[in-house]
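The values are calculated or read from the model by the stated rules, or taken from the named source; none is laboratory data. If you're wondering where the values come from, they're calculated on a predicted model, not measured in any experiment. Don't worry about glycine lacking a Cβ; one is built from the backbone with ideal geometry, like all the others, and counts go over all protein chains shown. Ligands, DNA and RNA are excluded from the accessible area calculation, which covers all protein heavy atoms including side chains. Shrake-Rupley method; radii C 1.70, N 1.55, O 1.52, S 1.80 Å.
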Amino acid sequence: MTTAPPDEPAPPAETPVLEEAAAAELSPPVDAPPEALEPTTRAYPFAFTGHWKEYFRIWIVNLFLSVITVGLYSPWAKVRRTRYLYGNTWVANANFDYHGNPVAILKGRLVAVAALVAYNAVEHYLPSFGWAALLVLMLVAPWLITRSLRFNAVNSSYRNLRFQFHGTYREGLLAISPLLALPVLGIFLADEDFVSGPVEPIAMAAAMLPMAAFALGYPYVVGAVKRLHVRRSAFGAAAFDFGARIRSFYGIYVLAGLIFAVCSFILGATAFMLLGTFDLAWVAISAVYLLAGAIVLAFTRARVGNLTFNNATLDGRVRYVSTLSAAKLAWIYLGNLLAIVASFGLLVPWAVTRTAHYRASCLSIACDGDLEGFLGDVAKPVGATGEELGEFFDVDLSL
Amino acid sequence: MIASFLADYYDGRTSRRHEVSVEVIGDLLAIRGDGVAHSVMRSLASVLPRLGSTPVRIALPDGGLLVTPDFDAVAASLGVPVARTLAHRLETHSLAVLVAMAGIALAGWFVYRDGIPWASSRIAEHIPYGIESQLAEDALDSMDNWMMQPTAIPAERRVALAAEFELLRAKANAPDGTRLEFRKAGWAGPNALALPGGVIVVTDQLVELMDDREVAAVLAHELGHVRNRHGTRHVLNNSLHAFIMMALFGDATAVAGVAATVPTVFLNTGYSRDFEREADSFAIGLLGRAERSPTDFADALEALRQYEACFDKGEKARDWGYLSTHPGLAERREAALAAAGDAGRDRPPRPARECPKRNDSGTCKPDEGIND
């Protein structure tokens with residue numbers, strides 16, 4: 001959806017943002033720690049047990065049902081796919097479950113479609129109001145983001161306890177506030193004559209200003225949204241906390257920019273040498289953009305994922321250990337890209353399960369002391385109305 | 001018959017896992033072990049629908065949950081098969097999976113070939129012309145700033161062409177705002193384009209390459225783009241297409257979503273070629289109504305072909321087929337000549353002219369003659 005930072009769609013499907021864990025290997029905890037971090041700390045790895053052939057059947061049948069119902073069935077399809085992915089994600093001898101109500105999702109999608117159509121119509125036919133429309137969209141975005149995070153949290157469960165999300169509109173607005181500079185600058189600059197004057201360095205610089213502001217603010221927004229997501233989440237009555245600094249996100253995106261430049265240059269030069277001409281340049285440019293984009297996406301996903309999980313704690317006692325490798329993830333994404341293009345989309349389920357498998361294999365939770373004991377203490381929050389609200393009012397805006 | 005099975009029990013009040021055995025005794029499910037001793041009415045325990053090979057989940061009336069991977073033991077103990085929804089039946093039926101694949105392929109083909117273009121033209125009919133005129137002015141402004149210079153074509157030639165244009169515009173019944181602009185644009189070669197909203201721009205190279213009849217034929221083609229709302233329909237096609245891809249593949253990883261749209265590049269250039277053919281046949285009809293001949297259009301295309309040949313250094317003209325946004329010039333010329341009937345058959349070949357000088361930068365090659 002337009003509202004979430006592009007590389008981080010609300011909580012990734014198979015995810016874990018939330019968990020907890022517990023323990024109990026079959027053997028008594030004291031004798032056979034699976035992995036000793038510190039003398040008293042044990043790690044409990046995540047595992048994804050879904051199989052692409054099985055997921056393919058679920059995916060294709062539900063896709064077909066969505067197609068023949070002109071998309072009306074698609075929320076039911078989404079729920080089934082998500083349940084499959086959650087149900088096959090395990091940690092500490094228990095799996096996750098998803099309880100999203102398809103009717104709520106359908107309502108959310110209708111709202112999203114209406115908003116997108118309206119925004120595109122304004123942008124295309126009334127370009128002078130384009131920035132204003134973007135400003136409105138950005139003011140609505142925090143509401144959409146927090147609602148969507150809440151919907152996903154209260155509809156995710158582990159060991160028969162739901163997750164929670166308590167973030168508010170105000171917190172969401174604060175998190176994305178630097179991005180407001182983009183439409184505000186756009187509106188301000190659009191009034192100045194020099195922008196529409198002849199090409200001059202100043203005019204060029206002025207035209208670039210909104211994009212530059214966007215680029216400067218983006219890492220902050222990613223970090224702030226992650227922080228909001230983790231800090232305001234809870235598993236049952238146990239709250240999550242987040243220790244990373246926002247400035248750590250800047251390091252990731254500066255590197256990502258460099259990688260994109262280098263990859264584009266190398267791939268572009270290779271394509272030019274192979275083609276030997278500028279014919280079909282637009283095909284080559286699209287291909288280079290896709291490949292470089294996949295590599296950079298893998299890099300940011302891996303680094304942001306590690307930074308977020310490695311700094312998240314549950315109730316001050318349970319930590320996450322995430323060891324995603326940018327190179328391996330890039331290799332997986334490139335493979336996905338090729339397979340999906342070559343199969344006209346048929347291998348999407350293969351790509352999804354393969355990625356989920358790798359991501360789960362890189363994640364574990366670590367607990368000082370007995371995790372099962374800790375989990376036994378995590379209780380349902382008092383007066384939990386979240387799930388009931390989730391059933392009737394919330395909308396899920398991930399398309 | 002086994003009347004019991006092993007399961008994990010979660011009471012819903014804490015996240016503690018209890019390894020229990022569940023025994024079916026008459027109307028009761030007796031849940032025992034690991035500190036639990038609990039019975040519930042069998043009729044109140046609901047077995048949640050199956051999904052692939054994920055464990056069976058049994059919801060208990062007090063908010064508790066039983067989870068077990070052993071489908072058979074559950075089925076045998078409860079004496080009924082584990083509940084299966086229609087979706088699960090289809091997912092586990094190989095024929096249904098094959099039918100779904102075939103159905104999606106077929107539906108996809110029809111939606112792209114007929115559904116999207118049909119919907120776009122229906123929607124375009126309801127969008128008034130006027131709404132686009134501001135758009136054309138903005139587009140022209142920014143092109144003037146960045147990519148085009150004022151024309152160097154003598155005023156009398158421009159006046160003559162403007163008169164031709166006005167005649168064609170009236171015959172085409174194009175809206176009043178439709179107008180003709182001359183611009184110099186070295187990079188674009190001989191070219192003409194119709195901006196959404198009805199501003200038609202021709203480059204100096206095109207005017208220098210052709211005589212008035214031929215330029216008029218090109219303008220007739222561009223009027224076809226304007227009258228048939230190709231700009232609007234193009235945007236609508238792209239939006240509908242992006243929306244469908246997002247609805248179908250949007251939940252996959254971001255890369256997967258993008259990748260799945262790649263094959264449709266072919267389909268989009270296909271739409272573009274269809275628009276060109278539509279504009280060509282509009283031009284042929286319009287030339288007839290304006291008491292001109294479709295052979296003018298054939299000659300204009302031939303002029304472009306000759307121009308391209310000048311820069312091809314003996315290479316065969318390239319035709320990228322499904323990757324091209326325009327049909328081949330030869331194919332379009334044939335169509336124009338066929339429409340002219342006898343006049344077309346007896347038409348002497350257009351005399352070749354000497355090659356024009358290379359444009360300023362010397363690097364640009366003409367690619368597509370008449371752009372939209």
Inter-chain Cβ neighbour average for residues A:368-377, partner chain, 10 Å: 2
Toward the positive end of the charge dipole of segment B:4-91, about the Cα centre and with charges on Cβ (Lys, Arg +1; Asp, Glu -1), which of B:S46, B:Y9, B:S77 goes farthest? B:S46
Given backbone amide H placed at 1.01 Å from N, residues whose amide H is under 5 Å from that of B:D211, ignoring those fewer than 5 places away on the same chain, are none
Solvent-accessible surface (1.4 angstrom probe) belonging to A:S128, in square angstrom, nearest 10: 100
Counting partner chain Cβ atoms within 10 Å of every residue's Cβ in A:341-351, what's the average? 5
State, to one decimal in nm², a quarter of the convex hull surface area for the C-alpha atoms of segment B:4-91, i.e. the direction-averaged projected area. 5.5
Please compute, for peptide B:103-114, the average count of beta-carbon atoms on other protein chains lying within 10 Å of each residue's beta-carbon. 2
Given H placed 1.01 Å from N in the peptide plane, which residues other than close sequence neighbours of B:V56 have an amide H under 5 Å from its amide H? B:T68, B:D70
Under a Cβ-only charge scheme (Lys and Arg +1, Asp and Glu -1), can you give me the dipole magnitude of segment A:253-373 about the Cα centre, in debye to the nearest 20? 120
Sparse-neighbourhood loop hits (chymotrypsin sites (Phe, Trp or Tyr not before Pro), segment B:73-132; DSSP loop; Cβ within 10 Å at most 15 others) -> none
A:I246 versus A:A118, label points 7 Å from Cα toward the beta carbon: distance in nm? 2.9
Suppose the chain between B:A338 and B:L167 were pulled fully straight at 0.36 nm per residue; how much longer would it get relative to their current alpha carbon spacing? 59.1 nm
Along segment A:157-166, what does the Karplus equation 6.51 cos²θ - 1.76 cosθ + 1.60 (θ = phi - 60°) give for ³J(HN,Hα), rounded to whole Hz, x for Gly and Pro? 9, 9, 6, 6, 10, 8, 8, 10, 9, 10
Links that overshoot a 31 Å alpha carbon limit, given the list A:K53/A:K380; A:K53/A:K328; A:K226/A:K328: A:K53/A:K380
